[in-house]
1. Quick check on the stretch 18-72: take the gyration tensor over C-alpha atoms, sort the square-rooted eigenvalues as a ≥ b ≥ c, and tell me if it's rounded (a/c under 1.5), prolate or oblate.
2. Between residue 15 and residue 58, how high is the FRET efficiency from 1/(1 + (r/R0)^6) when r is the Cβ-Cβ distance and R₀ = 30 Å? Nearest 0.05.
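Each value in this text was obtained by applying a stated rule to the coordinates, not by laboratory testing. Owing to the predicted nature of the structure, the values given are computational and were not obtained by experimental measurement. Positions of Cβ are generated from backbone atoms using ideal geometry, with glycine treated the same way; all protein chains shown enter the neighbour counts.
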Amino acid sequence: MMYGTIGENKYAIFREIISSVIHDLKNPLSAITLGLEFIEMSDKGKISQQAISGAITSAARIDQLLDALIGEHRSIGSHA
């Protein structure tokens, strides 16, 4: 019985850490994406549009990976 409680506590702590990491990554990622999109719209050829588009695409991919991690985290949490 005691081992089950310890395992459940470790699992709960792990879930909290994952939630915190995801949250801490998504907020600055959103700011980066919005900033790049603003530069892309307002820049008149001073910065390579290809470089900006590549950065936006990369940020979107990170966002997708974090969303997948959130989905997996929620799926695991519903089985606890």
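1. Prolate shape, in that a/c is at least 1.5 and a/b is the bigger ratio.
2. Taking R0 as 30 Å, the efficiency between residue 15 and residue 58 is 0.60.
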